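Notes follow the structure.
The values are calculated or read from the model by the stated rules, or taken from the named source; none is laboratory data. It should be emphasised that the depicted structure is a prediction, and the values quoted were computed from it without experimental measurement. Positions of Cβ are backbone-derived with ideal geometry, glycine not excepted, and every protein chain shown enters the neighbour counts. The accessibility values were calculated without ligands, DNA or RNA, using every heavy atom of the protein model including side chains. Shrake-Rupley method; radii C 1.70, N 1.55, O 1.52, S 1.80 Å.
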Amino acid sequence: MARGSSGIVAALTAAAVAAVCFLAYQASANAPESVATPSAEASGSASAKPSEKPAAPKEPLAVPADSDSGARVVYALKDRRVWIVDAGEKSLRTFAVMPSSVSPLPGVYTVTSRSGTIKGSDGVLIEHVVRFANVDDVSVGFSAAQDGSMESPDPTLKTGGVRMKRADGNALWAFATVGAKIVVVP
């Protein structure tokens with residue numbers, strides 16, 4: 001019985017090794033030229049001229065470069081992300097948001113009004129509403145659903161609520177008083 005088991009284990013091991021070799025071949029055959037072909041620059045020999053210092057990689061959650069300056073809230077439409085930035089250009093907090101069905105154009109806005117607790121245009125109870133734009137008679141602002149949800153908005157309704165988690169809504173509420181700068185970037 002032991003002899004039969006070792007034969008099965010040996011066959012399975014051989015099949016696994018063959019599968020790994022096949023996948024390795026496929027990966028190398030489909031690799032881009034920049035990775036598949038070694039270049040003269042990639043050699044192990046030292047260069048006679050000093051190499052340039054490589055650029056620091058961009059921090060993936062860094063405040064967008066073209067987002068104005070000073071104390072502000074930055075809302076990146078494509079990234080679905082908000083940053084709270086202090087006057088010294090330090091990001092105090094960043095978080096993901098769920099965009100509304102109506103979005104403002106990129107630009108600089110100011111907080112025009114705030115509401116502690118209301119019913120959103122989608123019927124959901126929301127808190128810490130910070131309004132900053134109007135698009136086609138739809139008020140656009142940040143808010144948090146009291147039940148903590150961040151559902152995608154109904155595309156058939158014109159809603160302007162950019163939803164966030166309650167803790168993020170609390171932080172934004174404390175920072176973005178009436179007149180505070182909101183910068184919307186693509």
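Below 15 angstrom from the Cβ of ARG166, what's the summed charge of the other residues (Lys, Arg +1; Asp, Glu -1)?
For residues surrounding ARG166, the net value is -1.
Pull up all non-local amide H partners of HIS128: gap of 5 or more, or a different chain, and H-to-H distance under 5 Å with H placed in the peptide plane.
THR117
For LYS181, which aspartates and glutamates qualify as cross-link partners when the Cα separation must be under 14 Å and same-chain residues fewer than eight apart are set aside?
ASP68, ASP86, GLU89
Put a dot 7 Å past each Cα toward the Cβ at LEU157 and SER69; how far apart are the dots in nm?
In this crude spin-label approximation the distance works out to 4.2 nm.
For GLU127, GLU89, GLU151, GLU59, write out the residues from largest to smallest accessible area, computed with a 1.4 angstrom probe and no ligands counted.
Descending accessible area places them as GLU151, GLU59, GLU89, GLU127.
Hey, could you pull the Cα Rg and Dmax for the range 86-141, both in Å?
For the range 86-141, the Cα-based Rg and Dmax read 13.0, 39 Å.
Rounded, prolate or oblate for the range 103-176? Axes are the square roots of the Cα gyration tensor eigenvalues, ordered a ≥ b ≥ c, and the cut-off for rounded is a/c under 1.5.
Oblate is the answer for the range 103-176, as a/c is 1.5 or above yet b/c matches or exceeds a/b.
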